[in-house]
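Read-outs throughout are calculated quantities, based only on the coordinates presented, and are distinct from any laboratory measurement. What you are looking at is a predicted structure, and each value in this text was computed from that prediction instead of being measured. Note that we place each Cβ from the backbone using ideal geometry, even for glycine, and neighbour counts take in every protein chain shown.
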């Protein structure tokens, strides 16, 4: 994979992380009722984590001589708490696939390899957390 292709893949990951950030932040704002308070807080915390992932990826894009993507794909706006969790599970699975596919292409860059590995681990833990909510 060329450096240009790697930067493009990292930018795709940034876009996904930003989309999930907005979706989780939106979820945290729209969940109402005392029974949803802890889930709203979970989405708020996870939104901050996703934003952190995007920032780390963007920093690496810059270090590689690229420009981080500023595009954000549209995100879904589920109405029920259950549908929000299902959407979160879907998005965590997508992120896991992105990082698993990217990891073999980072072997020549130990900093990027370390970052992608840790992002993958974060996403796997997040997936487990959301699956346990159903």
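Exactly one residue out of 38, 76, 69 is surrounded by fewer than 17 Cβ atoms within 10 Å (Cβ to Cβ) and assigned to a loop (DSSP other than H, G, I, E, B), and it is 76.
Within the stretch 112-134, which residues are surrounded by fewer than 12 Cβ atoms within 10 Å (Cβ to Cβ), closer than 18 Å to residue 61 by Cα and in contact with a helix residue (DSSP H, G or I) (Cβ under 7 Å, 6 or more places away or on another chain)? Passing the criteria: none in range. Across the stretch 86-110, what is the number of residues that are surrounded by fewer than 19 Cβ atoms within 10 Å (Cβ to Cβ), in contact with a helix residue (DSSP H, G or I) (Cβ under 7 Å, 6 or more places away or on another chain) and assigned to a helix (DSSP H, G or I)? Adding up the residues that qualify gives 7. For the stretch 10-35, a tally of residues being over 20 Å from residue 76 (Cα atoms) and surrounded by 17 or more Cβ atoms within 10 Å (Cβ to Cβ) returns 2.
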